[in-house]
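Undergrad: My questions will all concern the structure given below.
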Amino acid sequence: MLTANHLSHTYGSGAGAHAALADIDFTVEQGELVSIVGPSGCGKTTLLRTLSGLMRPTGGSVTFHGDEIVEVPTGLAMVFQDYSRSLYPWLTVEDNVRFPLRRLHLPKEELRSRIDEALAAVGLTGHAAKYPGQLSGGMQQRVAIARALAYRPEILLMDEPFASIDAQTREDLEDLVLEVKQRFSMTIIFVTHDIDESVYLADRVVVLSKPPTRVVTILDVPLPGERDQISTKELPEFIRLRGEVARLIRHPRDAQEPVAAAAG
Amino acid sequence: MSAITSRMVRKQSGRRRAGGRVGRGIVGVAVAVLAAQLLSVSGAISPTSLPPMFEVLGSTGHLFVDPSFLREVLATIQAAVTGLAIATAIAVPAGLVLGSFRLLNQAASAVVEFLRPIPSVALIPLAILLFGQGAQMKVSLVVYASVWPIFFNTIYGVRDVEPLAKETARIFRIPPLRVLTHVLLPSAAPFVATGIRVAAAIALIVTISAELLAGSADGLGAWILRMSSGGANLALVYAGTIFAGLLGLVVNWLLVRGEQRLFRWRREGVGAA
Ligand SMILES: Nc1ncnc2c1ncn2[C@@H]1O[C@H](COP(=O)(O)OP(=O)(O)OP(=O)(O)O)[C@@H](O)[C@H]1O
Ligand SMILES: [Mg+2]
């Protein structure tokens, strides 16, 4: 569905040039949730920006349904890492969620129900009339998530969406992502720092190296489809996988051998 | 909890400060009035150049209930407001478009740099030739003078728009015109409003100047000119001038209040990391 072909990106040129992405190759299939983990500053946001069509990569290409991406395609949405700046401070919470929907020309009732459902899903029902400036960071982040959910994209890119959310809410939102993926057969690319989260959510985990950034490995996650915050995390398979991912991030070379078989 | 209390404390102390400022302002004005009164009563300044201040204030008070005077004031306000409205209608769209397209901006800036330094008073003869001595002449000068602060503030506002706000619009494929009206404009609105407030003061000044210098048939400036030409009533000339100053204060106060209401979303402390 979405493919990165020898994707590379260098910021600037000459002496000040910074090769953020060296060579990235992977494919995300329809209905899959792929999580992307990698050391801080390795270019995860850069990668999502090129995948979304916000920015042309300096090398290689991205295709969506077989067509090369040159602008943001229809059916794609993104939750930005810098969520607070991506909300419109002059619009209420509800109007922020409504804003991208106008273009879809939905019937009135559906518009209403999408907004209400999305706000309820992230636990912000009582805050619809507030302005983003009146909310905490975690609540703002949930507004940004609700906005993307109400839009119902085919593919959703999320850039460390739960970074500023407390542990309990975070688990609820992780389960919400899984539920949304099921219900709307949404394809999701999920960038995270959190190794447990990357394994818990994903069908596959893409592990990135330090810059110049390459794909270290792509791990399959053969956990049962129905996941549970407690019992899934107790499975020997889960424990093995999180160990694997942690090792790959710390020592990409040492870990390469035993994982080669699982690489996708 | 402590954040809330500290915010409340801040708000209260802010109000106290504002109260203090008004208080000190009143004291300052009272001292100035008293000094002026003393200067003319003691004979230090001849009463033919500076009439006793209490008399001037009395005349100013009478002006507030003088229908023929208020008609003149209305003519002035009408010209200023019309000019300001036209200037806004020109400057905001122009600023939005020029602010968002760098190339267009560079092309236009040569023209702008030439036009901007021309003082509007220097255009009075041209305006009289083109529009006569009536309201049209005043309005055209007001438009010329007040277009600039609105235009430049709009451009600054558009350049200041959060890049991620624009990228968010791109992600959701918001059409360009809608981005202009629903992202760039509201985001730049506080800047635009400041521009309009600055322009409103200019509009008043230019209207009254044009009335004075062009010998208009009506308006506050024309009234002051009439009072002064007979050499008749110095106190009334002072009173008219004080009235013009008060008018400027009231307009500024109204616009500040309007901005506070309109941009309430801006004043909430952003709780985000
Ligand atoms: N616009 C830019 N111009 C120049 N360099 C940039 C730009 N954006 C990012 N970089 C650099 O590219 C590298 C990758 O940045 P990026 O934000 O993609 O990393 P990241 O993996 O998302 O980081 P984090 O884990 O902190 O979110 C960093 O070294 C960063 O300084
Ligand atoms: Mg990032």
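Undergrad: Taking Cα atoms, how many degrees apart are the long axis of helix B:135-159 and the longest axis of chain B, rounded to 10 and kept between 0 and 90?
TA: Helix B:135-159 sits at roughly 40 degrees to that axis.
Undergrad: Name the longest site-free stretch of chain B, where the excluded sites are chymotrypsin sites (Phe, Trp or Tyr not before Pro) in a DSSP loop with no more than 14 other beta-carbon atoms within 10 Å.
TA: B:102-273
Undergrad: Counting Lys +1, Arg +1, Asp -1, Glu -1, what net charge surrounds A:CYS42 among other residues with beta carbon under 11 Å of its beta carbon? Can you show the working numbers first?
TA: On the way: positive: A:LYS44, A:LYS210, A:ARG214; negative: none.
Cβ neighbours under 11 Å give a net charge of +3.
Undergrad: Now, a different point. Could you give the size of the charge dipole of chain A about its Cα centre, using +1 on the Cβ of each K and R and -1 on the Cβ of each D and E, expressed in debye and rounded to the nearest 20? Write out the running numbers ahead of the final one.
TA: Details: 27 positive and 35 negative charges, 160 e Å.
Result for chain A is approximately 760 debye, rounded to the nearest 20.
Undergrad: If you average the alpha carbon positions of segment A:114-144 and of segment B:202-236, how far apart do those two centres end up, in angstrom?
TA: Taking the Cα centre of each part, segment A:114-144 and segment B:202-236 sit 57 Å apart.
Undergrad: Given an 8 Å cut-off on Cα distances and at least 6 residues of separation, report the relative contact order of chain B as a percent.
TA: Normalised by residue count, the contact order of chain B is 23 percent.
Undergrad: Say each of A:THR169 and B:SER109 gets a label point 7 Å from the Cα, pointing the same way as Cα to Cβ; how far apart are those two points in nm?
TA: Distance between the two pseudo-spin positions: 4.4 nm.
Undergrad: At most 11 other Cβ atoms within 10 Å and a DSSP loop assignment: could you name the GluC sites (Glu not before Pro) in segment A:162-245 that fit?
TA: On the way: sites: A:GLU171, A:GLU174, A:GLU179, A:GLU197, A:GLU226, A:GLU234, A:GLU237, A:GLU244; in loops: A:GLU226.
Loop-located and lightly packed - A:GLU226.
Undergrad: Taking the Cα centre of the protein assembly as shown as origin, sum charge times position over the Cβ atoms of Lys and Arg (+1) and Asp and Glu (-1), and report the length of that vector in debye to the nearest 20.
TA: Working: 51 positive and 46 negative charges, 418 e Å.
With only Lys, Arg, Asp and Glu charged at Cβ, the dipole is about 2000 debye.
Undergrad: Oh, and also: Given a Förster distance of 45 angstrom, what is the FRET efficiency for B:ALA89 paired with B:HIS62, based on the Cβ-Cβ distance and rounded to 0.05?
TA: Approximately 0.75, to the nearest 0.05.
Undergrad: Of the listed pairs A:LYS44/A:LYS130; A:LYS44/B:LYS166; A:LYS44/A:LYS181; A:LYS181/A:LYS210; A:LYS181/A:LYS233, which have alpha-carbon separations greater than 24 Å here?
TA: Numbers: A:LYS44/A:LYS130 32 Å; A:LYS44/B:LYS166 20 Å; A:LYS44/A:LYS181 22 Å; A:LYS181/A:LYS210 30 Å; A:LYS181/A:LYS233 20 Å.
Cα-Cα > 24 Å for A:LYS44/A:LYS130; A:LYS181/A:LYS210; rest within.
Undergrad: Farthest toward the dipole's positive end in chain B, which of B:LEU225, B:THR76, B:GLY134, given Cβ charges of +1 (Lys, Arg) and -1 (Asp, Glu) about the Cα centre?
TA: The one lying farthest along the dipole's positive direction is B:THR76.
Undergrad: Using a simple charge model, +1 on the beta-carbon of Lys and Arg, -1 on the beta-carbon of Asp and Glu, nothing else, what dipole does segment B:51-272 show about its Cα centre, in debye to the nearest 20?
TA: 820
Undergrad: Run the numbers for B:ASN233 and B:VAL121: contour at 0.36 nm per residue of separation, minus the present Cα-Cα distance, in nm.
TA: Contour length minus Cα-Cα distance gives 37.6 nm.
Undergrad: For chain A, what does the helix formula give at 222 nm: sum of -39500 (n - 2.57) over DSSP H segments with n ≥ 4, over the residue count, nearest 500 deg cm²/dmol?
TA: -11000 deg cm²/dmol
Any read-out appearing in this document is the output of simple, stated calculations on the displayed coordinates, not a laboratory observation. Values in this document were obtained by computation on a predicted structure and should not be read as measured data. Neighbour counts are summed over all protein chains in view; Cβ atoms, including those assigned to glycine, are modelled from backbone coordinates with ideal geometry.
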